[in-house]
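Report on one structure; see the data block that follows.
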Amino acid sequence: MIEILKNIPFFADLPEEDLNAIMENIQLQYFPADHEIFQEAAIGDIMYIIKRGKVQVIRTNAVIAELSDNDFFGEMALVSEEPRNATVKTLTDLEVLTLNKADFQHLMSSNPTIASMISYEVVNRANDLN
Ligand code: CMP
């Protein structure tokens, strides 16, 4: 698992100590193509980082984005504590790493580089929603 994490740019620069902490709870999950990972307006407490594959982000029936290898999604509900802004559906078979809320919060508070990368994306995506 540590080798998988090191190959994902999102985690690549983390110190070994942080990687070890994350590894305790991070999970590798697989979804088939054409599968809904979660629905808009659902309560969410997991963030996903795409290891391999492609998803569509759908808001009120319109596709607003496609995400693929090394992109992440599901972070907005964790940052805002609000329901999911969009539905996320797989376009291909998907391998993702999943982080629970406690680990996500720990990562944000202990790693400024990751925190600023996620915040930047949250602000951009939030602007897109309006
Ligand atoms: P969340 O609101 O938890 O669940 C839906 C996810 O879709 C959201 O987090 C983001 O990760 C993602 N998302 C929302 N808007 C966009 C966008 N404009 N571009 C890419 N991803 C988005």
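The numbers here are math on the coordinates, done by the rules we state, and not lab data. All of these numbers come straight from a predicted model, not from anything done at the bench. Cβ sites come from the backbone with ideal geometry, for glycine too, and all protein chains shown count toward neighbours.
Helix-only mean residue ellipticity at 222 nm, the chain, DSSP H runs n ≥ 4 weighted -39,500 (n - 2.57), per residue, nearest 500. What is it? Spell out each step's value before the answer.
Numbers: 6 runs with 51 residues, N = 130.
That calculation yields -11000 deg cm²/dmol at 222 nm.
Note down the nm distance, to one decimal, between modelled labels 7 Å out along Cα→Cβ at MET23 and at ASP93.
With each label placed 7 Å out from Cα toward Cβ, I get 2.6 nm.
From the backbone phi of the range 28-44, what are the Karplus-calculated ³J(HN,Hα) couplings (6.51 cos²θ - 1.76 cosθ + 1.60, θ = phi - 60°) in whole Hz, Gly and Pro given as x?
Rounded to whole hertz, the list is 9, 10, 10, 10, x, 5, 6, 10, 7, 7, 7, 10, 3, 6, 6, 6, x.
Restricting everything to alpha-carbon atoms, can you work out Rg to Rh for the range 26-96 with a Kirkwood hydrodynamic radius? Could the numbers behind the result be given before it?
Numbers: Rg = 11.1 Å, Rh = 11.9 Å.
Checking Rg against Rh, the ratio lands at 0.93.
Could you run the Karplus curve 6.51 cos²θ - 1.76 cosθ + 1.60 with θ = phi - 60° over the range 46-56 and give me ³J(HN,Hα) per residue in whole Hz, x for Gly and Pro?
Per residue, the Karplus-derived 3J(HN,Hα) values read 9, 10, 10, 10, 7, 8, 7, x, 9, 10, 10 Hz.
Let me know the Rg and Dmax you get for the chain when you use only its Cα atoms, in Å.
Cα only, the chain: 14.0, 42 Å (Rg, Dmax).
For the chain, which DSSP H helices look membrane-span-like by this rule: Cα extent along the axis of 15 Å or more and mean Kyte-Doolittle of at least -1.0? Walk me through the intermediate numbers first.
Values: long enough: 112-129 (25 Å, 0.17).
What comes out of the filter, once short or polar helices are dropped, is 112-129.
Once you keep just the Cα pairs under 8 angstrom separated by 6 or more residues, what percentage relative contact order results for the chain?
Numbers: 226 pairs, mean separation 38.5, N = 130.
The value is 30 percent.
Between ALA42 and LEU129, 0.36 nm times their residue separation minus their Cα-Cα distance comes to what? Spell out each step's value before the answer.
On the way: separation 87, 0.36 × 87 = 31.32 nm, distance 1.66 nm.
Gain in length upon complete extension: 29.7 nm.
What is the magnitude of the charge dipole of the chain about its Cα centre, with +1 placed on the Cβ of each Lys and Arg, -1 on the Cβ of each Asp and Glu, and no other charges, expressed in debye to the nearest 20?
Working: 9 positive and 21 negative charges, 64 e Å.
Dipole about the Cα centre, nearest 20: 300 debye.
If I model a spin label at ASN100 and ALA65 as a point 7 Å from the Cα along the Cα→Cβ vector, what separation in nanometres do I get?
Going from the ASN100 label point to the ALA65 one covers 2.6 nm.
Hey, can you grab everything whose amide H is under 5 Å from the amide H of ALA86? Only 5+ residues off in sequence or another chain; H modelled, so Pro and N-termini drop out.
ALA41
Quick one: what are the phi-derived ³J(HN,Hα) couplings along the range 80-97, Karplus 6.51/-1.76/1.60 with θ = phi - 60°, whole Hz, x for glycine and proline?
Computed from phi, the couplings for the range 80-97 are 8, 6, 10, x, 4, 6, 7, 8, 10, 10, 6, 9, 9, 4, 10, 10, 10, 9 Hz.
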